[in-house]
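Here the structure is laid out as structure tokens; the discussion comes afterwards.
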Amino acid sequence: MRVIWVNGAFGAGKTTLAQHLIADDPQLLLFDAELPGFMLRDIVPLPPSGDFQDLRVWRRSVVDTAVALAQEYQRTLVVPMTVVVWPYLDEILTGLRTCGMDVAHYFITVPTDIIRRRIEAQSFWPQDPARDAQVRTWRLAQVDRCAQAAQNLPDSTITLDGTLPVEQLAARVTGAARS
């Protein structure tokens with residue numbers, strides 16, 4: 001089984017790339033690793049940071065869910081998820097590999113000024129302007145942290161230039177998967 005982990009800053013184009021990959025190959029299965037975090041947020045107290053990624057149980061549930069999905073449905077998973085605390089990412093990717101998963105980790109790089117423009121242009125909760133503004137503010141506050149993390153990527157990471165058209169990024173991912 002294979003996992004294509006698409007990482008990068010919020011607004012880098014992870015979801016767009018994942019959707020493009022799945023449109024090109026319906027055998028791929030999208031796994032939104034945020035969903036276990038949203039579930040946990042309703043069950044257990046969040047850590048002082050407010051970030052469910054700081055919960056070890058989130059990282060374990062991502063591994064367990066990904067492995068279960070891949071085994072049950074015998075399909076390659078595409079996981080568009082920002083994880084820039086490298087020990088957390090290592091914990092997840094090592095967990096997947098320990099369970100026999102072949103993992104490819106991609107990181108989409110985009111200049112911070114473009115990231116900020118993209119986030120400002122996005123609509124997250126059009127029916128709830130206050131929540132929309134809150135999400136936008138939070139995502140904008142993560143830009144520098146993600147940019148800093150991109151300067152020290154894990155060794156096995158494959159970088160993608162997020163200023164290129166999504167079709168080119170998808171071709172690079174699918175080309176790497178075939179080789």
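Just so it is clear, none of the values below were taken in a lab; they were calculated from the coordinates. Predicted model, so just to flag it, every value in this text is computed and none were measured. Cβ: placed from backbone, ideal geometry, glycine included. Neighbour counts: every protein chain shown.
A search for C-beta distances below 6 Å between a residue of region 99-124 that is charged (D, E, K, R) and any residue that is surrounded by 19 or more Cβ atoms within 10 Å (Cβ to Cβ) and assigned to a loop (DSSP other than H, G, I, E, B), counting only pairs 6+ apart in sequence or on different chains, returns R118/G11.
What are the residues in region 146-161 that are of a type outside the set (V, I, T) and either surrounded by fewer than 14 Cβ atoms within 10 Å (Cβ to Cβ) or part of a loop (DSSP other than H, G, I, E, B) (or both), if any? Lay out the reasoning, then the answer.
First pass over region 146-161, keeping only residues of a type outside the set (V, I, T): 146-156, 160-161.
The answer is Q148, Q151, N152, L153, P154, D155, S156, D161.
Checking each residue in region 17-61 for being closer than 27 Å to T109 by Cβ and in contact with a Gly (Cβ under 9 Å, 6 or more places away or on another chain) picks out L17, D51, F52, Q53, W58, R59.
Hey, can you tell me all the residues within region 110-143 that are of a type in the set (A, V, I, L, M, F, W, C) and in a loop (DSSP other than H, G, I, E, B)? Before you say what the answer is, go through the steps one by one.
Filtering region 110-143 for residues of a type in the set (A, V, I, L, M, F, W, C) gives 110, 114-115, 119, 121, 124-125, 130, 133, 135, 138, 140-141, 143.
Selection gives V110, F124, W125.
In the set A66, A33, A12, which member is of a type in the set (G, A, S), farther than 28 Å from E120 by Cβ and surrounded by 19 or more Cβ atoms within 10 Å (Cβ to Cβ)? Criteria check complete, one pass: A66.
Each row is one residue, and each column tells you yes or no for (1) farther than 21 Å from A149 by Cβ; (2) of a type in the set (D, E, K, R); (3) touching a helix residue (DSSP H, G or I) at 6+ places or on another chain (Cβ under 7 Å); (4) part of a loop (DSSP other than H, G, I, E, B).
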{"site": "V6", "(1), (2), (3), (4)": "no, no, yes, no"}
{"site": "A12", "(1), (2), (3), (4)": "no, no, yes, yes"}
{"site": "I22", "(1), (2), (3), (4)": "yes, no, no, no"}
{"site": "P26", "(1), (2), (3), (4)": "yes, no, no, yes"}
{"site": "D32", "(1), (2), (3), (4)": "no, yes, no, yes"}
{"site": "L40", "(1), (2), (3), (4)": "yes, no, yes, no"}
{"site": "I43", "(1), (2), (3), (4)": "yes, no, no, yes"}
{"site": "S49", "(1), (2), (3), (4)": "no, no, no, yes"}
{"site": "Q53", "(1), (2), (3), (4)": "no, no, yes, no"}
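The single residue among Q142, Q122 that is under 20 Å from E34 (Cβ atoms) and more than 17 Å from the chain's Cα centre (by Cα) turns out to be Q122.
Yes or no, residue by residue, for (1) surrounded by fewer than 17 Cβ atoms within 10 Å (Cβ to Cβ); (2) in contact with a Lys or Arg (Cβ under 7 Å, 6 or more places away or on another chain); (3) free of Cβ contacts under 8 Å to residues at least 12 places away in the same chain:
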{"position": "L28", "(1), (2), (3)": "no, yes, no"}
{"position": "R41", "(1), (2), (3)": "yes, no, yes"}
{"position": "P48", "(1), (2), (3)": "yes, no, yes"}
{"position": "W58", "(1), (2), (3)": "no, no, no"}
{"position": "A70", "(1), (2), (3)": "no, no, no"}
{"position": "T76", "(1), (2), (3)": "no, yes, no"}
{"position": "V83", "(1), (2), (3)": "no, no, no"}
{"position": "D90", "(1), (2), (3)": "yes, no, no"}
